[in-house]
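A quick write-up on the structure given underneath.
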Amino acid sequence: MLAAILSLGCIGMVAAVALGIAAKKFAVEVDPRELAAMEVLPGANCGACGFPGCAGYAKALVAGTADINQCPPGGAEVVAKLARILGVEASASASEFAVVLCQGDNSKAQLKYHYLGLEDCTAAQRIADGPKVCPGGCLGLGSCQRACPFDAIEMTATGLAVINREKCTGCRKCVAVCPRQVIRMAPSEATVHVLCNSHDKGAVVRKYCQVGCIACHLCQKAAPDAYKIENFLATVVYEHHNEAAVAITKCPTKCIRDFSEGYPDGSALLPAVADKPHAA
Amino acid sequence: MKLKTFAGGIHPPDNKQWSSHKAIEDCPLPAEFVVPLAQHIGAPSVACVEIGQHVAKGQEIGTAKGFVSVPVHAPTSGEVIAIEYRSHPWGPSLPAIVIKSDGDDRWSTELQPADPADLSANDMIERVRQAGVVGMGGAAFPAHVKMSPPPEKKVRTLIFNGVECEPYLTADHRMMLEEPERILQGMALLQSVFGAERVVIGIEANKSDAIALFEKHCLGTAVEVVALKVKYPQGAEKQLIAAVTGKEVPSGGLPMDIGVAVHNVSTAAAVTDAVIHGRPLIERICTVTGPAIREPKNLRIRIGTLLSHLVEVCGGLVEQPGKIVLGGPMMGFTQLGFNAPATKGTSGLLLLRTQDIDPRPEGPCIRCARCVQACPIRIMPTTIAAYARRNLLAEAAEYCAMDCIECGSCSYVCPAAIPLVQSIRYGKAAILAEKRKSS
């Protein structure tokens with residue numbers, strides 16, 4: 001009995017010492033930031049960031065090969081925490097917002113054909129330049145919505161992307177993914193925009209869209225500094241955005257909109273009380 | 001006898017009964033032709049005529065730009081009334097030359113017939129290039145490029161494609177029955193250009209009359225007539241090679257890498273016209289068919305004839321079509337309307353009714369692997385499509401997305417109606433764009 005206890009105890013001691021030495025000698029140095037990042041990440045291992053699970057993403061973050069805004073489930077909160085851990089500027093500083101320069105949804109703009117394929121704007125654009133007659137309008141298949149890490153893009157029931165100004169962090173992912181370049185960056189303090197992206201002549205635009213810019217120059221007459229008209233399309237000169245609001249009532253097709261007063265028709269979003277810059 | 005074929009593939013109803021018994025008719029000339037400058041794979045040609053200029057039938061009106069490009073020619077004599085953007089079968093509006101016919105239909109005097117015995121291989125290739133001949137099976141790849149393989153890649157086997165595996169289409173079938181001499185002459189010319197040792201013509205077994213006719217014509221010659229199993233896509237280049245020779249074109253390679261060249265039977269006929277008669281490619285056979293057209297026909301049409309004219313010639317519509325397709329139902333281009341002109345690659349105009357199309361909503365993949373079984377190049381459509389949709393391009397490329405021939409067999413068999421071939425196409429385009437960006 002005693003012999004058994006002693007011999008097993010000795011074996012245990014020897015093994016413990018060996019393991020202790022091995023643990024010290026072969027210890028893998030883990031960057032404490034990586035562990036901290038792991039704590040912050042949601043831990044769902046969903047792979048939406050493009051890395052094998054949260055651990056892979058944390059590793060890439062520390063190695064500097066990934067951006068902090070690649071975790072869609074985590075949203076703005078995780079971005080802010082990661083920014084603190086990694087000591088980088090949160091890209092959610094929101095000096096700029098993305099704006100969809102179109103409000104011609106399927107009820108207002110004409111379609112060329114009934115699209116049945118893949119729910120993706122780039123794929124649809126490859127078929128006869130997209131299902132919309134308008135060459136620049138929003139296709140409404142939601143590629144930007146899926147690209148947005150912050151759930152800041154709403155697709156209306158009638159097929160129009162609307163960007164929530166309270167959630168947008170200005171990361172530009174939607175801008176990169178849009179095949180029609182209808183999403184543009186604009187200074188966050190500018191709330192008035194011309195929501196049209198068609199460079200066709202007025203008479204042509206009128207045929208396919210009820211709310212397109214027809215380049216009638218009335219906005220420019222009302223506020224000469226705040227608007228410029230190039231290639232049959234009016235745009236707000238953002239340096240003078242304060243003066244732009246006076247032209248809203250002048251626009252015959254109602255394609256100038258002040259986001260502080262409301263989002264395009266069909267959107268469920270409510271205007272922010274004071275259109276405050278995003279607090280990241 | 002066991003018929004030759006390839007692994008995979010599908011058996012869609014062939015629906016050729018609408019037009020397979022109808023002899024080729026000459027389509028009456030319309031008053032106006034719209035000849036697009038881009039009708040082929042490669043650089044579009046450049047207009048070399050001016051508005052107001054009078055052109056003769058067969059006169060060059062657009063010059064080739066670069067090696068992989070072909071000229072376009074006036075389909076009839078008349079006046080150039082516009083050079084502008086017009087509807088194009090590919091979807092967007094593209095530059096086209098509009099010609100108002102003068103009714104004379106007078107040939108240009110510059111076209112010179114020649115005796116093939118006096119021509120070297122290079123002369124023949126040059127004549128084919130000048131005549132603007134492209135592959136007539138549908139893809140419209142310039143024929144002279146295919147005829148000029150690099151010297152280290154010797155073509156030993158020349159295969160002629162009389163398969164016409166697309167459902168509904170009967171243009172090649174009728175041509176083989178009615179104009180076998182034109183095809184056989186072209187086959188002989190192409191054989192002399194390539195110096196090929198073995199010449200084969202592959203015909204699907206549902207065209208037994210064409211097989212019998214060619215067997216009779218080829219008796220005592222070196223040309224083998226091979227009957228092939230009725231299966232889609234039997235007429236795809238690589239599948240035809242696999243069926244006839246048993247060899248596989250390597251991934252990313254061309255048929256010339258294994259010493260094979262494939263040409264359509266209609267291309268052979270166009271080569272005859274170009275080399276012997278000096279006539280450019282300004283007409284082709286086109287099947288106008290489908291349940292929504294009053295009188296399906298096989299028509300000899302001039303390039304640049306508007307689709308609306310073809311519908312008129314065929315007795316008009318039975319009802320408003322649910323889908324207008326240029327080419328066959330599997331690989332054709334859906335059209336927005338009848339404003340586009342027929343081009344060199346227009347093998348058919350298919351008009352389907354609303355009840356003939358099946359717009360099922362997409363469901364989840366149930367991992368049944370029917371697409372994998374159907375795939376004639378033996379890749380995994382469901383996996384590649386899933387990668388492509390998530391923009392995981394490197395993974396899609398690793399699973400051989402670039403080898404996809406876009407035949408649509410996977411989408412056809414998918415019980416969940418997943419747009420597989422569209423996703424893979426999208427992935428292929430994205431991979432190519434990425435490659436261009438990085439180089």
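The values are calculated or read from the model by the stated rules, or taken from the named source; none is laboratory data. All of these numbers come straight from a predicted model, not from anything done at the bench. Please note: Cβ atoms are built from the backbone with ideal geometry, for glycine as well, and neighbour counts cover all protein chains shown.
Of note:
- Cβ-Cβ contacts under 9 Å between residues 6 or more apart (or on different chains), taken from a first residue in segment B:415-427 that is at the interface with chain A (Cβ under 7 Å from one of its Cβ atoms) to a second residue that is of a type in the set (Lys, Arg) and surrounded by fewer than 24 Cβ atoms within 10 Å (Cβ to Cβ), are listed as B:422/A:126; B:423/B:389; B:426/A:126; B:426/B:389.
- Among the candidates A:238, A:227, the residue that is touching a strand residue (DSSP E or B) at 6+ places or on another chain (Cβ under 6 Å) and touching a residue at least 40 places away in the same chain (Cβ under 8 Å) is uniquely A:238.
- Selection from segment B:313-360 of residues that are surrounded by 20 or more Cβ atoms within 10 Å (Cβ to Cβ), of a type outside the set (A, V, I, L, M, F, W, C) and either in contact (Cβ under 8 Å) with a residue 40 or more places away in the chain or away from chain A (no Cβ under 14 Å) (or both): B:327, B:328, B:329, B:332, B:335, B:341, B:343, B:344, B:345, B:346, B:347, B:348
- If you go through segment B:106-161 and pick out every residue that is of a type in the set (Phe, Trp, Tyr) and assigned by TED's automatic domain parsing to the domain that holds residue B:259, you end up with 2.
- Filtered residue count, segment B:389-414, keeping only those that are more than 14 Å from chain A (Cβ to nearest Cβ) and either in a loop (DSSP other than H, G, I, E, B) or touching an Asp or Glu at 6+ places or on another chain (Cβ under 8 Å) (or both): 5
- Some residue of segment B:42-54 being out of contact with any Leu (no Cβ under 6 Å at 6 or more places or on another chain) and crowded, with 20+ Cβ neighbours inside 10 Å: no
- Enumeration of residues in segment A:174-214 that are among the hydroxyl-bearing types (Ser, Thr, Tyr) and out of contact with any Asp or Glu (no Cβ under 9 Å at 6 or more places or on another chain): A:198
- Elements of the type helices (runs of 4 or more DSSP H) sitting completely within segment B:83-190 and holding at least 3 residues that are away from chain A (no Cβ under 14 Å) and without any contact (Cβ under 8 Å) to a residue 40 or more places away in the chain: these cover B:121-130.
- Among the strands (runs of 3 or more DSSP E) confined to segment A:129-248, the ones with at least 2 residues that are farther than 16 Å from residue A:104 by Cβ and of a type in the set (D, E, K, R) are located at A:227-230.
- In segment B:428-439, the residues that are more than 18 Å from residue A:123 (Cβ to Cβ) and either hydroxyl-bearing (Ser, Thr, Tyr) or facing chain A (nearest Cβ under 10 Å) (or both): B:438, B:439
- Test: residue in segment B:57-64 that is assigned to a loop (DSSP other than H, G, I, E, B), crowded, with 16+ Cβ neighbours inside 10 Å and under 21 Å from the mean Cα position of the chain (by Cα): yes
- Among residues of segment B:74-124, those that are touching a Leu at 6+ places or on another chain (Cβ under 8 Å) and at negative phi, counted: 13
- Residue count for segment A:108-129 satisfying the condition of being at the interface with chain B (Cβ under 9 Å from one of its Cβ atoms), touching a residue at least 12 places away in the same chain (Cβ under 8 Å) and not aliphatic (A, V, I, L, M): 6.
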